[in-house]
Amino acid sequence: MKRLPIGVTNFKKLIEEDYYYVDKTLLIKELLDKGNAVTLLPRPRRFGKTINLSMLNYFFSNTELAKHLFTSTAIAQHPAIMAHQGKYPVIFISFKDIKVSTWPNAYEKIQGLIKAEFDRLRQGLEHVMTKAEQLDFDDVIARIASKDTFEKSLQALSTLLHRYYQKRVIILLDEYDAPIHAAFTNGYYKEMVEFIRNLFSAALKDNDALEFSVMTGILRTAKEGIFSGLNNLKVYTVLQEPCSTYFGFTQQEVDACLADYSLTDKSHAIKEWYNGYQFAGTTIYNPWSILNCVQEHGELVPYWVNTSDNEMIKRLLIRSSIHVQTQLEQLLYDKPVEQPLEEAFVVPDMESNETIVWSLLVFSGYLTTLQRKRVGDEYRYDLAIPNKEVRTTYKKFLTEVLSQPLKTTTLHVLYEALSTGNGSSFEEILQEYFLNSISAFDLPDNEPEKSYHLFVLGLLVTLQDTYEIVSNRESGYGRYDIMLIPKDISKRGLIIEFKRTLPKETLETAAVKALEQIHTKQYAQELKKRGIHTITAFGIAFKGKQVLLKQE
């Protein structure tokens, strides 16, 4: 049985050492058929971007003896495409490891990548260089070239390769936006964007030595950001049909893999855990999770979601508006959210533009699109959590974001307080929670009850294994704020209603009003219909950081 290529991103190693390979070589044909000068293919991390660019490198490169790698692949059935095999000089750089905390360190690492590519491709080039070009070339190799020389380095290298081989050059750039995300998170965004913009502009815009370029990343940044003036760029995101089946595994590919490793009997459970992505209407599985799951003989645990620290997403969600956070809570309770999506944006705008937050979650793989509809001049998408794997960590992640002020020991006390109906203990926990969190979240005055509602929901996410946690649903003669429905009907059900104190109103009065609303509107009817007879109602009043709870 073949080894699984977990962590193998070199196409030559994968084929020569006979790893299990899901054939994606027809991507070569689609790219050549499209004929774009510069193609950007944004996909979530660990969806096969690096291995696909490695494949393109070995297919086109005239410095690699690699024809044997493709003899048994799908692309070998297309003679017109195979005529391009091994015919081009190829520059291939992956930025995926440029994730450091300072600009000097990041710049040094990028210099190292460029130097390594100059070293790899230098053979014969000395015969076609001018004296000035030789000096710049040597300075890049020695990593003492000026910033301007490094910004023009890929253009200079492609010019020399074109001159020497008499063939235009293919430029492959993997994970182009990884340095940008690190720069945004660590506070050197301006320096990074300026350098990357100049590097790409020189190499990809009006470069007579360029045959074509293929780039990958997670996001597409707007032209006024990285791709300023780059008019020959074609982008195929997960929302568009071209190349939609070449990153991630299709249902047919997963079925074949599970059959090859005798796991067909687990296909339904595996589908629930790792399926669910929609790339332009094509159902796609997360390949990293599938390979790891097969390696572990079908064990269903989060594999993909534990491979990144998600620092940028955490930062954006913590700073997002109450409207965004309320909809995040809605997603957690299986209610799709309808949103427009931005396919191109400037990274710093994420903190001020709600649409960009949703776009980031979709393009990063934390949400998927269910359907698209035209509303006026824009398309809007129904968004949902794609599968159990993401849901498992999404729950953990949202708990961390929304409940981060609490200690782990406090969460155990919370469960005990709710299961026994101990209102005093619950009130103490809420008081601690808001004392530690309100200033961080900066609750708005115009929707205070929603704000408290959301944060308490975030707090209760940890109890989902024991309770069905429902919010804003009709029962009796109105809509309750939160209901905890025990999965074991012999246990206690809980109803929670929130009230903010009005001017000149006391916490006591507001809490009593909340409790009376539960009673008069008969919110307990839903629990009674489910056969739950032990029911506790909490009326909770808030005034800034002060909390008062009444129970019945």
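For the residues Trp358, Trp273, a 1.4 Å probe over the protein chains yields an accessible-area ranking, largest first, of Trp273, Trp358. Among the listed values [x] 25.3; [y] 23.7; [z] 26.3, the one matching Kirkwood radius over Cα pairs in Å as calculated from this structure is [z].
Estimated at the nearest 10 Å², the accessible area of Tyr415 is 90 Å² with a 1.4 Å probe.
In the chain, helical runs assigned H by DSSP with n ≥ 4 each contribute -39500 (n - 2.57); averaged across all residues and rounded to the nearest 500, the mean residue ellipticity at 222 nm is -13000 deg cm²/dmol.
Legend: P(r) of the stretch 132-199 from all alpha carbon pair distances, 10 Å bins from 0, whole percents, reading 18, 39, 33, 9, 1.
Sorted into 5 angstrom bins from 0, the C-alpha pair distances of the stretch 232-295 split as 4, 18, 29, 20, 13, 8, 5, 2, 1, 0 percent.
Between helix 131-142 and the chain there is an angle of about 40 degrees, using the helix long axis and the longest principal axis of the Cα atoms. Computed extension gain for Tyr415 through Lys335, at 0.36 nm per residue and net of the alpha carbon distance, reaches 26.3 nm. Note on Lys487: accessible area is roughly 130 Å² with a 1.4 Å probe, heavy atoms of protein only.
The angle between the Cα long axis of helix 153-165 and the main principal axis of the chain comes to about 40°, on a 0 to 90 degree scale.
Close amide H pairs (under 5 Å, H built 1.01 Å from N) link Glu468 with Ile485, Lys487, residues at least 5 positions away or on another chain.
Overall, the anisotropy analysis places the stretch 1-85 in the oblate class: the square-rooted eigenvalues a ≥ b ≥ c of its C-alpha gyration tensor yield a/c not less than 1.5, with a/b not exceeding b/c.
For Asp174, Asp382, Asp488, the ranking by accessible surface with the largest value first comes to Asp488, Asp382, Asp174, using a 1.4 Å probe.
Grouping the Cα pair distances of the stretch 72-159 into 10 Å bins from zero gives a pair-distance distribution of 14, 39, 24, 17, 6 percent in increasing distance order. Greater than 26 Å separation of Cα atoms is the criterion. Which listed pairs, Lys335/Lys550; Lys96/Lys152; Lys504/Lys550, meet it? From the list (Lys335/Lys550; Lys96/Lys152; Lys504/Lys550), the Cα-Cα distance tops 26 Å for Lys335/Lys550. Ligands, DNA and RNA are left out, and with a 1.4 angstrom probe the accessible area of the chain is 43 Å² per residue. Please grab the % of Cα pairs in the stretch 462-552 that end up more than 22 Å from each other. That fraction is 27 percent. With θ taken as phi - 60° and the Karplus curve 6.51 cos²θ - 1.76 cosθ + 1.60 applied, the whole-hertz 3J(HN,Hα) list for the stretch 532-549 is 9, 10, 9, 10, 10, 10, 10, x, 10, 10, 10, 8, x, 8, 8, 10, 9, 10 Hz, x standing for glycine and proline.
On the stretch 107-204, 49 percent of the accessible area sits on carbon and sulfur atoms, based on a 1.4 Å probe.
The values are calculated or read from the model by the stated rules, or taken from the named source; none is laboratory data. From a predicted model like this one, the values you see are computed outputs, not experimental measurements. The protein model used for the area step is the full one, side chains on, heavy atoms only, and it has no ligands, DNA or RNA in it. Shrake-Rupley method; radii C 1.70, N 1.55, O 1.52, S 1.80 Å.
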